[in-house]
Amino acid sequence: MMKRSFHISLTLLMLISLTPQALAIDNQPRRIVSGWIPYYSVKTVIPFIKKLPTLPTPAVDSLVTCETNEYSAEDIALLNSSYLFTNKDLMKEVMPFWYTLKSPTLIRDDYSTANPSWPIADTICLMKKSGVKLIPTITDGTDKLVLSGYLAKPEVRTTIVKTIVDLVNKYSFDGIDLDFEGFAFVDGNTTWTKTAPNWVLFVKELSAALHTQQKLLSISAPYSFNPAEKQKGYYVYAWAEIASSIDRLRIMTYDYSVAKPGPIGPISWTEKTLQYAISIMPASKVFIGLPGYGRDWITSVTGTCPTTAPPGLIAGAKAATFKMNYANAKAVIDQAVPAFDVNSSEATYSYVQNFNGLTATGAATSCTVNRTVWYQNDRSYLERMNLVAKYRLGGAALWTLGMEDITATTAMRNVALAIAPDTVLSTLTIEQVSNKGIFYGGVFTVRGALTLKDKSPVVGIPVTIEIKRVGENSWSPIAEVMSGLDGTISVPVALAASASLRVSTQGSWERAESLSNEAKVVLLSRIILDRPTTVKAGKDLIVKGVLLPVLAGQAVVLQKYTAGKWQNIGIEAITGTSGEFQLSVIEAKKGVTKLRVQITTKDELVLTPEFTVVVRQ
C-alpha cells in the first residue's frame, strides 16, 4: 500500500514539475539548490559593484556593513538581477571555491589571486545580502601522500583543524566544505585502508571544533557503494564512519565518463550511490551533484589533417568541455540534432568535421574527424531533482553555479515548488517589568508563537531561543523548547548584558525553517544597598552598596529630599573594582530623612528607590 501511494505521488510530481502554471502563485520553493563558485568565476553569479566606498587596508580582513544606501539605484538593480539574487529563493547555501590547503598552517587564498582589485570582504558581504549561507570549499593542494601523512599524526591533525577553524572565524563563514580529492585520484587505492581511519579521526575532530561554534561541516566526495556489494567506489572517504559528524555530504555524481565517450553521470549509477548514502545517514544530509558542463570526444580520425586544422585532432585525445548553457548553440554549429538517451537521462549526439588544406610540405591533404558529445540538459536536471523529491534529500549541488541554462533552472524551480514545505510564521514578544528595559538580575519572559499561513498552530516542534550580544556578529542558542498545543512557547530568561533575542525553528521536509522578528532587550544597571534604618543624630550614617553589572570608577552620590527636590549631600564616592562603594553623611537633627543613591555611568543614570532613615536623639 505504501509503495503504491508513493508511486502515484511521484507520478503526479513529474506532471506538476512540467506544468508550472499549476503551482500556487504565492508558494515559495523548497530551498534545495547549492553549488560551487570558483575563484575565477565570481562575476558569473554576482556583479562587482564599483561604487563601494574605498576600504582602508585593515577593513579587508573584516566584514564591511555594505548597507544598501552605499549604492546607487543602478547598482541595486544590477545586484538584484544577478544570478545569486535572482535564484536566492532556491538556494540555502553556496560553496565558494576559494581555498587550497598547502600545509598544516597554510591555506592558500585563491580568491585574492584571481580578483586582486576586489576585496574578499566586499564579495562576502554582498553574498550574505542574498541570504545564503557561505560554506567555502578547501581543496587539497599538497603532493602525493602528503596530506594522508599529515592526518596520521595527531598533533598535525590538531594544527590543521585550528587553521581551518581560524579561517572560518576570520570571515564569519557558516562552515567549511572539504574537497580533498588527492586521496582518491592521486595517492592510489592501495593507500586507502591506511588513510581512511586517520581521515575519520580528522573529520571527527574538525566537526567537534566547528560544531562548538555552531558552524557546519560539509564533505564533497566522489561516489561510493555499499561495501557488501564489492563494487568499485571511493571507500577511502568512509561515509558510514563520518556520517554522524558531518552536516552535508555532496556526492560528485558526474565524471562517470572521462577518457572514453559516454554519459557524464548516468541516472541509475547516480541513484545507486544516493541509495547507499541515505542508508547510513539522514537523507537531509545528502546532496546530489549536477554537472553544468558537457564533453566532446574525438572518436576517430581518418586521413591526414592539414596544418590549418585545430591542434590535437587525435583519436582518444582529452575531451573538450563546454558549458550547458552553450550546448544548444554548439549543436547548431556542429549541425547536429541532439537525442535524449533515456537510460542515462542525458543528451547526446555525434557529428563529423572535415578539414582540407596542405601538409607542412605543401601537399594537398584532408581528414575526417568523428566526434561524440554528451551532456545533461533540462530534462536531465528535472529527473535528478525528482530524486531529491523521491528520497527527501538535502538538495542538489551544482558544478558550477551559473553554467546551467535557463530551462534547467526552470526545471529545478518547478520541482522545488512542487515539493515546497509549509511556511512557518514565527513571532517573538518580550514581557518585561519596565518599558525601559530589564534590571540586572531580573527575570523576564520570552514568548513565541508559531503558526502556518492559515493561522493554525505548529504543534510539538523544537524552537530555539537565540541571542546576539552587543558587539557580536553571530547568533548563539541559549535554550530549546517544544511548541505547545497552541503553537506557543514561554521561557523565563535572565541576561548579564544587553542583547537581541529571536526564536528559530529548523526546517524539515514538511515545514520550512523560520526566524522570528528580533527583540532588543536593554539591561539596566542595578544598585544593591546595605543601609541602616535608624541612626543617632550626629553620628555617621553609612550607606554601602554594589553596582551591578560591575563597573569600576563610576561616580556615586547620596541624595536627600529637601524642600521638594533632591539634593546631593556628603562626599562623592567612586565604585571599586568589584563595583562596591561606601557613602557617609552626618545628620545633626532628629527626624525622618528621605534618601536615595545615584550613580552616573557613561550609558545611563542609575537611581535606587528612595528609602528612609530615622534619626534619633
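Only one of (1) in contact with a helix residue (DSSP H, G or I) (Cβ under 9 Å, 6 or more places away or on another chain); (2) part of a loop (DSSP other than H, G, I, E, B); (3) not β-branched (Val, Ile, Thr) fails for residue 386. Which number is that?
(2)
So which strands (runs of 3 or more DSSP E) are wholly in segment 67-169 and hold at least 1 residues that are more than 21 Å from residue 41 (Cα to Cα) and either touching an Asp or Glu at 6+ places or on another chain (Cβ under 8 Å) or not hydroxyl-bearing (Ser, Thr, Tyr) (or both)?
Result: 93-103, 106-109.
Given the options 258, 342, name the one that is at pLDDT 95 or above and not assigned by TED's automatic domain parsing to the domain that holds residue 217.
Sole residue among the options that is at pLDDT 95 or above and not assigned by TED's automatic domain parsing to the domain that holds residue 217: 342.
Please state which of the following conditions residue 328 fails to meet, knowing it meets all the rest: (1) assigned to a helix (DSSP H, G or I); (2) surrounded by 16 or more Cβ atoms within 10 Å (Cβ to Cβ); (3) not aromatic (Phe, Trp, Tyr).
Unmet for residue 328, out of (1) assigned to a helix (DSSP H, G or I); (2) surrounded by 16 or more Cβ atoms within 10 Å (Cβ to Cβ); (3) not aromatic (Phe, Trp, Tyr): (2).
Look through segment 357-373, keep the residues that are touching a residue at least 40 places away in the same chain (Cβ under 8 Å) and either part of a loop (DSSP other than H, G, I, E, B) or under 52 Å from the mean Cα position of the chain (by Cα) (or both), and return whichever of them is surrounded by the most Cβ atoms within 10 Å (Cβ to Cβ). Before you say what the answer is, go through the steps one by one.
Of all residues in segment 357-373, those touching a residue at least 40 places away in the same chain (Cβ under 8 Å) come to 357-360, 365-373.
Of the ones still in play, those that are also either part of a loop (DSSP other than H, G, I, E, B) or under 52 Å from the mean Cα position of the chain (by Cα) (or both) are 359-360, 368-373.
On the way: 359: 12, 360: 8, 368: 13, 369: 21, 370: 15, 371: 21, 372: 19, 373: 23.
That would be 373.
When the residues of segment 291-322 are filtered to those that are closer than 13 Å to residue 373 by Cα and touching a helix residue (DSSP H, G or I) at 6+ places or on another chain (Cβ under 9 Å), which remaining residue is surrounded by the most Cβ atoms within 10 Å (Cβ to Cβ)?
Among those residues, the one meeting the criterion is 294.
Can you pull out the residues in segment 106-149 that are among the charged types (D, E, K, R) and either out of contact with any Gly (no Cβ under 8 Å at 6 or more places or on another chain) or farther than 20 Å from residue 179 by Cα (or both)?
Within segment 106-149, the first condition is being among the charged types (D, E, K, R), and the residues that meet it are 108-110, 122, 128-129, 133, 140, 143-144.
109, 110, 122, 128, 129, 143 - these are the residues of segment 106-149 that are among the charged types (D, E, K, R) and either out of contact with any Gly (no Cβ under 8 Å at 6 or more places or on another chain) or farther than 20 Å from residue 179 by Cα (or both).
Could you tell me whether any residue of segment 282-292 is among the hydrophobic types (A, V, I, L, M, F, W, C) and farther than 20 Å from residue 398 by Cβ?
Checked segment 282-292: no residue is among the hydrophobic types (A, V, I, L, M, F, W, C) and farther than 20 Å from residue 398 by Cβ.
Yes or no: segment 529-540 includes at least one residue that is outside the structural domain of residue 498 (by TED's automatic domain parsing) and touching a Gly at 6+ places or on another chain (Cβ under 7 Å).
Initially, segment 529-540 is screened for residues outside the structural domain of residue 498 (by TED's automatic domain parsing), giving 529-540.
Then keep just the ones that are touching a Gly at 6+ places or on another chain (Cβ under 7 Å); that gives 529-530.
Yes, that holds for at least one residue.
Identify, by number, the condition in (1) surrounded by 15 or more Cβ atoms within 10 Å (Cβ to Cβ); (2) basic (Lys, Arg); (3) more than 24 Å from residue 295 (Cα to Cα) that residue 250 doesn't meet.
Only one criterion is unmet by residue 250, namely (3).
Looking at (1) within 17 Å of residue 520 (Cα to Cα); (2) free of Cβ contacts under 8 Å to residues at least 24 places away in the same chain, which is the one condition that is false for residue 467?
Every listed condition holds for residue 467 apart from (2).
Does residue 344 meet the test of being touching a residue at least 60 places away in the same chain (Cβ under 8 Å), crowded, with 19+ Cβ neighbours inside 10 Å and out of contact with any strand residue (DSSP E or B) (no Cβ under 7 Å at 6 or more places or on another chain)? Step through it out loud before you land on a result.
Details: touching a residue at least 60 places away in the same chain (Cβ under 8 Å): yes; crowded, with 19+ Cβ neighbours inside 10 Å: yes; out of contact with any strand residue (DSSP E or B) (no Cβ under 7 Å at 6 or more places or on another chain): yes.
Yes: the conditions hold for residue 344.
Regarding residue 486, is this residue assigned to a loop (DSSP other than H, G, I, E, B) and modelled with pLDDT under 95?
no
With of a type in the set (D, E, K, R) and closer than 21 Å to residue 34 by Cα as the only criterion, which of 187, 174, 166 stands out?
After ruling out the rest, the residue left standing is 174.
In segment 189-225, what residues are on the phi < 0 side of the Ramachandran plot, part of a loop (DSSP other than H, G, I, E, B) and surrounded by fewer than 17 Cβ atoms within 10 Å (Cβ to Cβ)?
Initially, segment 189-225 is screened for residues on the phi < 0 side of the Ramachandran plot, giving 189-213, 215-225.
From the residues that got through so far, the ones that are part of a loop (DSSP other than H, G, I, E, B) too are 213, 215, 222-225.
Of everything in segment 189-225, just one residue is on the phi < 0 side of the Ramachandran plot, part of a loop (DSSP other than H, G, I, E, B) and surrounded by fewer than 17 Cβ atoms within 10 Å (Cβ to Cβ), namely 213.
Results for (1) modelled with pLDDT of 95 or more; (2) touching a Lys or Arg at 6+ places or on another chain (Cβ under 6 Å), shown as yes or no for each residue.
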| position | (1), (2) |
| --- | --- |
| 505 | yes, no |
| 509 | no, yes |
| 516 | yes, yes |
| 520 | no, no |
| 529 | yes, no |
| 533 | yes, no |
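Go through (1) surrounded by fewer than 16 Cβ atoms within 10 Å (Cβ to Cβ); (2) closer than 20 Å to residue 212 by Cα and name the single condition residue 459 misses.
All conditions are met except number (2).
Do the conditions hold for residue 178, that is, is it closer than 20 Å to residue 154 by Cβ and in a strand (DSSP E or B)?
Details: closer than 20 Å to residue 154 by Cβ: yes; in a strand (DSSP E or B): yes.
Yes; evaluated as a whole, the condition is true for this residue.
Could you tell me which numbered condition residue 587 fails, if it satisfies all but one of (1) acidic (Asp, Glu); (2) over 53 Å from the mean Cα position of the chain (by Cα); (3) surrounded by fewer than 17 Cβ atoms within 10 Å (Cβ to Cβ)?
It fails just one condition, (3).
Being surrounded by fewer than 19 Cβ atoms within 10 Å (Cβ to Cβ) and over 18 Å from residue 521 (Cα atoms) is the filter here; which residues of segment 422-431 pass it?
422, 423, 425
Of all residues in segment 590-600 being over 48 Å from the mean Cα position of the chain (by Cα) and surrounded by 13 or more Cβ atoms within 10 Å (Cβ to Cβ), which is farthest from residue 525 (Cα to Cα)?
It comes out as 590.
The values are calculated or read from the model by the stated rules, or taken from the named source; none is laboratory data. None of these values were measured; they are calculated from a predicted model. Note that we place each Cβ from the backbone using ideal geometry, even for glycine, and neighbour counts take in every protein chain shown.
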